[in-house]
Amino acid sequence: MWHDSIVEEVRCNRQVYAARFHHDIKMICRAAREQQKTSGHKVVSLSPRVVTTAMRTDSTNK
């Protein structure tokens, strides 16, 4: 089987990080938000985009 050491390292780091929070996604997200607040970087929140789908009634525009 093919082995990529970089992918393995990333997956290992992900497991170690998740274990710090007992693999609880809510705790991981809370920690990420706290890190955002204390990082000093500008955090941008975008409003959700509105997705519209129009029913095509004209059969000539394919």
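What's the number of the condition ALA19 fails, among (1) of a type in the set (Gly, Ala, Ser); (2) at pLDDT 95 or above; (3) not in a helix (DSSP H, G or I)?
(3) is the only condition that ALA19 fails.
Filter the range 22-57 down to the residues that are at pLDDT 95 or above and not in a helix (DSSP H, G or I) and list them by number.
Across the range 22-57, the qualifying residues are HIS22, HIS23, ASP24.
Here is a check on your reading of the model: is ARG11 assigned to a helix (DSSP H, G or I), among the charged types (D, E, K, R) and at pLDDT below 95?
Here the answer is no, as ARG11 does not meet what is asked.
Which condition does ASN61 not pass, out of (1) at pLDDT 90 or above; (2) over 19 Å from the mean Cα position of the chain (by Cα); (3) loosely packed, with under 10 Cβ neighbours inside 10 Å, if it passes all the others?
The one condition ASN61 does not meet is (1).
Six or more apart or on different chains, Cβ under 8 Å: which pairs go from a residue in the range 1-20 that's surrounded by 10 or more Cβ atoms within 10 Å (Cβ to Cβ) and among the hydrophobic types (A, V, I, L, M, F, W, C) to one that's part of a helix (DSSP H, G or I) and at pLDDT 95 or above? Could you list them?
ALA18/ILE28
Starting from the range 32-46, keep only residues that are without any contact (Cβ under 8 Å) to a residue 24 or more places away in the chain, then list their pairs with residues that are outside any loop (DSSP other than H, G, I, E, B) whose Cβ atoms are within a distance under 6 Å, requiring at least 6 positions of separation or different chains.
VAL43/GLN36
The values are calculated or read from the model by the stated rules, or taken from the named source; none is laboratory data. From a predicted model like this one, the values you see are computed outputs, not experimental measurements. Positions of Cβ are generated from backbone atoms using ideal geometry, with glycine treated the same way; all protein chains shown enter the neighbour counts.
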